[in-house]
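The values are calculated or read from the model by the stated rules, or taken from the named source; none is laboratory data. All of these numbers come straight from a predicted model, not from anything done at the bench. Neighbour counts run over all protein chains shown; Cβ positions are idealised from the backbone, glycine included. Surface accessibility is based on the protein's heavy atoms, side chains included, excluding ligands, DNA and RNA. Shrake-Rupley method; radii C 1.70, N 1.55, O 1.52, S 1.80 Å.
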Amino acid sequence: MKFFAYPDSARRHGIQGTVSVQVLIGKTGKAEKFNIVEPVNPLLDSAAVYAVMNASYKPAVYDKKPIKTWMEIPIIFKIGNKRGVAVQVKGAE
């Protein structure tokens with residue numbers, strides 16, 4: 001799991017939720033393309049895309065060779081304590 005910055009404007013306005021992003025993971029573990037499956041708010045949606053596209057992943061393997069594959073990743077935006085907010089990218093290294 002990897003953590004990214006919460007958008008300041010969204011935090012100030014109390015915007016939180018889970019954005020689901022479908023991402024194409026390449027043979028090297030880099031994200032290549034994305035589709036927003038479940039948007040929440042433009043501020044969170046763009047932060048979710050940034051997080052997904054800038055994380056690194058373990059590529060899928062078929063017949064002992066890395067392959068490209070699509071996966072859906074929920075990006076959780078949750079306002080916690082005074083300093084803290086969490087933006088979690090499950091599946092990222």
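Here the condition is being among the hydrophobic types (A, V, I, L, M, F, W, C) and farther than 11 Å from I76 by Cα; of V19, V52, it holds for V52 alone. Applying the criterion of being over 16 Å from the mean Cα position of the chain (by Cα) and of a type in the set (S, T, N, Q) to the residues of the range 6-32, the residue that is most open to solvent (accessible area, probe 1.4 Å) is T28. Check whether at least one residue in the range 40-63 is at pLDDT 90 or above, in contact with a Leu (Cβ under 6 Å, 6 or more places away or on another chain), open to solvent by 90 Å² or more (accessible area, probe 1.4 Å) and not aromatic (F, W, Y), and report yes or no. There is no residue in the range 40-63 that is at pLDDT 90 or above, in contact with a Leu (Cβ under 6 Å, 6 or more places away or on another chain), open to solvent by 90 Å² or more (accessible area, probe 1.4 Å) and not aromatic (F, W, Y). Each residue in the range 41-67 was checked for being part of a helix (DSSP H, G or I) and polar (S, T, N, Q), and 2 of them qualify.
For the range 1-25, a residue qualifies if it is in contact with a Phe, Trp or Tyr (Cβ under 9 Å, 6 or more places away or on another chain) and closer than 12 Å to M71 by Cβ, and the qualifying residues are V21, Q22, V23, L24, I25.
Within the range 64-74, the set of residues being under 10 Å from F34 (Cβ atoms) and open to solvent by 100 Å² or more (accessible area, probe 1.4 Å) comprises just one member, W70. Note on the range 8-31: among residues that are among the basic types (K, R) and in contact (Cβ under 8 Å) with a residue 12 or more places away in the chain, the one that is farthest from A60 (Cα to Cα) is R11.
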